[in-house]
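Everything below concerns the one structure shown next.
The values are calculated or read from the model by the stated rules, or taken from the named source; none is laboratory data. What you are looking at is a predicted structure, and each value in this text was computed from that prediction instead of being measured. Here the Cβ positions follow ideal geometry from the backbone for every residue, glycine too, while neighbour counts run over all protein chains shown.
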Amino acid sequence: MSQKLEVNTLQGDVIVLEVLVETTLGELEAMLLEKRPAFSEDPMERKLLMVELLRDSTIVEMDDAQTVGAAGLLEAEAITTAIYKRNEVEAVTRKDIHTRKFFHLNIPSYCANIPFMAFHDCSNLVSLAITESVTHIQHGAFFGCTSLASITLGESVSHVGREAFQDCISLTSITLGRSVTHLGQSAFRNCTSLASITLGESVTHIGDNAFFGCTSLASIALGESVTHLGQSAFRNCTSLASITLGESVTHIGDNAFFGCRSLASVEEGESVTHIGECAFSGCTSLASITLGESVIHIADSAFYGCRSLAHHCG
């Protein structure tokens, strides 16, 4: 038989719920979150919202499997209060995290280096703020964080390591600060929801496979500082329709734009000297490309399968 459970909020509201003795705390939290629809319209913020319960003035340990009866919430004199809060965690590595719910991660201010595989496969990480103290994001630091949708990078980050954000399939956009100089191999590989990226004016090197398989990426402008595009840097970015290469780019690596079937036009600066093997192979929509007089080497099959390409100018 169901019973009425009155839950107070810090805002002075009273929420009345119909519960069973065997209703779990996890189910109760879900009910309370449903009763708080006005907290935020942002789906990410709603995902981060959690409930802390007080019985009288004592915090109830939120064991999702425990029943409301066992927690004493149905006792006649018990006063239950719900505190709605954003689930935020401060940590340097995954071993410092003790929540199983979706959470926002703050990197502490004393941290200068996010270690190798620090948060690898942390599937409940939703958003991330990297403080001004951090200069290096090491190899695989956030590899496979499949719920990670938002990143705020401090202006001090200079190095984004190999596979740092690979397979972060919920990540939709990222802005790299002015201090970032190096994007490592496969840094954002297979970030399939990544639709936009802003590169700071200090990036000089885009590593091999850096954006391989970013199938939602539609356009990108490379700053004047970029000199090197690694092998397969934008391979199979099937939504990429246009790209502007800055005046500093000298090297376009093998397979750099292989399979970018939506790519219709490319503007290359006057500094490009090398276009690697299969660099634009399979770019079936590419209708025009402007090459500067600086180009001295176009490798085999650089434009193989570009059936829409009428000419390229020198």
Could you grab the pairs with beta carbons closer than 7 Å, sequence gap of 6+ or different chains, first residue in the range 270-281 and closer than 13 Å to residue 305 by Cβ, second one β-branched (Val, Ile, Thr) and in a strand (DSSP E or B)? 279/252
Just give me the residues in the range 231-249 being more than 12 Å from residue 276 (Cβ to Cβ), over 22 Å from the mean Cα position of the chain (by Cα) and assigned to a loop (DSSP other than H, G, I, E, B), in sequence order. 245, 246, 247, 248, 249
In the range 55-78, what count of residues is obtained for those that are part of a loop (DSSP other than H, G, I, E, B) and touching a Leu at 6+ places or on another chain (Cβ under 8 Å)? 10
Name the single residue that is farthest from the chain's Cα centre (by Cα) among those in the range 254-291 being part of a strand (DSSP E or B) and closer than 20 Å to residue 206 by Cα. 274
Can you tell me how many residues within the range 108-133 are of a type in the set (Val, Ile, Thr) and at pLDDT below 95? 2
Only one of (1) in contact with a Leu (Cβ under 9 Å, 6 or more places away or on another chain); (2) crowded, with 16+ Cβ neighbours inside 10 Å is not met by residue 3, so which one is it? (2)
Output yes when any residue across the range 158-177 is of a type in the set (A, V, I, L, M), more than 19 Å from residue 212 (Cα to Cα) and either more than 11 Å from the chain's Cα centre (by Cα) or not in a loop (DSSP other than H, G, I, E, B) (or both), and no when none is. no
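Residue-by-condition table, conditions (1) surrounded by 13 or more Cβ atoms within 10 Å (Cβ to Cβ); (2) more than 29 Å from the chain's Cα centre (by Cα); (3) touching a residue at least 24 places away in the same chain (Cβ under 8 Å):
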{"site": "10", "(1), (2), (3)": "no, yes, yes"}
{"site": "42", "(1), (2), (3)": "no, no, no"}
{"site": "76", "(1), (2), (3)": "no, yes, no"}
{"site": "89", "(1), (2), (3)": "yes, no, no"}
{"site": "112", "(1), (2), (3)": "no, no, yes"}
